[in-house]
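A.B. asks: Pasting a structure below so you can have a look.
The values are calculated or read from the model by the stated rules, or taken from the named source; none is laboratory data. Here the structure is a predicted model, which means the values were calculated and not measured. Note that each Cβ is placed from the backbone with ideal geometry, even for glycine, and that neighbours are counted across all protein chains shown.
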């Protein structure tokens, strides 16, 4: 069972380490040291719900009603385009550093953005509910595999959120923030365009 758990942990990590909207938002929260625990928890707990849902058969619902993915696709793309625009404006404006953070994001805004980036992203459903659960169901103990994958999510998001502080010296320079905001903009718009023009 330990091998199954470890396989779930490794494969779960492999699915989430790629830079995406969730990761970028948690990283930025960690750098600003704003609402790190709650943003990390939302991402990891959402993964847990989706992984367990996939193992329980949620993937069959998505296959039966593919229009659900279209709703997530267009809604997610619209939000990613908007959030990318906000990051682009921040990059052009500049003037932000860890010593002059500017306006703090409220807890409510952080939670809403994090939930939207998570639950309106159809890639989350395809990767987590369909692909990861199909791998879990082929293992000897799907639930143990799923628990391993869930552990990987918690490990990754909390490490990303709280480990971001080690990058703090770099982000004392306002130019570094402009580069980060520009990178986030590119990530958001790239994923939004992929959603809009994918089948």
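A.B. asks: Among the residues of region 107-156, count how many are closer than 25 Å to residue 189 by Cβ and free of Cβ contacts under 8 Å to residues at least 24 places away in the same chain.
C.D. replies: Residues meeting the conditions: 2.
A.B. asks: For region 114-136, state whether one or more residues are surrounded by fewer than 18 Cβ atoms within 10 Å (Cβ to Cβ), modelled with pLDDT under 85 and assigned to a loop (DSSP other than H, G, I, E, B).
C.D. replies: Scanning region 114-136, I find no residue that is surrounded by fewer than 18 Cβ atoms within 10 Å (Cβ to Cβ), modelled with pLDDT under 85 and assigned to a loop (DSSP other than H, G, I, E, B), so the answer is no.
A.B. asks: If a residue has to be part of a loop (DSSP other than H, G, I, E, B) and either more than 14 Å from the chain's Cα centre (by Cα) or within 17 Å of residue 106 (Cα to Cα) (or both) to count, how many in region 1-46 make the cut?
C.D. replies: Narrowing region 1-46 to residues part of a loop (DSSP other than H, G, I, E, B): 1, 17-20, 33-35.
When the remaining residues are screened for being either more than 14 Å from the chain's Cα centre (by Cα) or within 17 Å of residue 106 (Cα to Cα) (or both), the result is 1, 33-35.
Count: 4.
A.B. asks: Continuing with this model, one more query. Of the residues that make up region 103-110, is at least one in contact with a strand residue (DSSP E or B) (Cβ under 7 Å, 6 or more places away or on another chain) and either at pLDDT 85 or above or crowded, with 17+ Cβ neighbours inside 10 Å (or both)?
C.D. replies: no
A.B. asks: Looking at 170, 187, can you tell me which residue is touching a helix residue (DSSP H, G or I) at 6+ places or on another chain (Cβ under 7 Å) and closer than 11 Å to residue 80 by Cβ?
C.D. replies: Unique residue meeting the criteria: 187.
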